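See structure below.
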Amino acid sequence: MFTVLIPGIVLGLTYDVFTPLVYLMFILVVTFTMTTIPLLRWLKFFSPFLLIAAGFAWMTMLYTNQAFSGGEVIFRLWMLEVTTGSLQTGLSVGFRSLCFGALSLMFILTTDSTKLMLSLMQQCKLPPKLTYGILAGYRFLPIFRHELKILQQAHRIRGVARARGIKGRVNQFQRYAIPLLANGIRKAERVAIAMESKGFTGDPDRTHYHKMIVGKRDWLFFTLMIGALITVFVLSYHLGYLEIFGRSFG
């Protein structure tokens, strides 16, 4: 998680096109050569990021701050001017957004949520009450989805048509929300009783059945991602592309 978080924060400081573009290419290489994520599944999740990045880039080009909008005018759109500086800033924002999306997908699609929370509890000293509360809530999500389908089918059998209009949808939401809330309260109470019966008190000094250990492969991944980030910054600096907060380096 920290390996993915650090490049995301550092890339947010760059305003040139070269740095995020090259690191995006590196992320894609790592994703498709060192993970088992299916290409079609990755494309399915990544396609919305393309639209979001394109929207960010377009809006940034049109409304770039004066500090970043220097250079020759490329074209005019009504009263708005797109210059070489605003184009570069817009493309930089777009590629940065794609880097954030690619890093997030690589993390989400290769990380077990239960192991992540256990690791945060054992290595980052996250309170057990908070950790197990998040895990219990996460496990409730598929149950709620299943119960919602049952409610919808029950209403359909009893002749309750699908609501139309804003008022109808509000009433429909109330019909679904109250039973789901009641079932959620009952399940939460049962989980709390079960945890207390097993001696769970939230004491941080407790033993763990699953020991989460940071191994050599984890450190290798950390070294690879951060080392590549440093290399891209150094290369961008020597080629004269590096730009941080509008200030050029190199």
Just for the Cα atoms in the chain, what are the lengths along the principal axes, largest first, rounded to whole Å? 67, 54, 32
Taking protein heavy atoms only, a 1.4 Å probe, and rounding to whole percent, the accessible area of the chain owed to carbon and sulfur comes out at 66 percent
Suppose all protein chains stay in the model; what accessible area per residue would a 1.4 Å probe give for the chain, in Å²? 68 Å²
Unit charges on C-beta of K, R, D, E only; dipole of the chain, Debye: 1640 debye
Specify the angular offset, from 0 to 90 degrees and rounded to the nearest 10, of the alpha carbon long axis of helix 18-34 from the longest principal axis of the alpha carbons in the chain. 40 degrees
Please determine, in degrees from 0 to 90 and to the nearest 10, the orientation of helix 128-157 with respect to the longest principal axis defined by the Cα atoms of the chain, where the helix direction is its Cα long axis. 70 degrees
Pairs of lysines in the chain (C-alpha under 23 Å apart; 8 or more residues apart or interchain): 15
Is it possible to state the helix-based mean residue ellipticity at 222 nm for the chain, with each DSSP H run of 4+ residues giving -39500 (n - 2.57), the sum divided by total residues, to the nearest 500 deg cm²/dmol? What is it? -24000 deg cm²/dmol
To the nearest 10 degrees, how steep is helix 165-197 against the longest Cα principal axis of the chain, on a 0 to 90 scale? 70 degrees
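The values are calculated or read from the model by the stated rules, or taken from the named source; none is laboratory data. Note that the coordinates shown come from a computational prediction; the quantities given were computed from them, not determined experimentally. Reconstructed Cβ throughout: ideal geometry from the backbone, glycine too, with neighbour counts over all protein chains shown. Side chains are part of the model used for accessible areas, which takes the heavy atoms of the whole protein and leaves out ligands, DNA and RNA. Shrake-Rupley method; radii C 1.70, N 1.55, O 1.52, S 1.80 Å.
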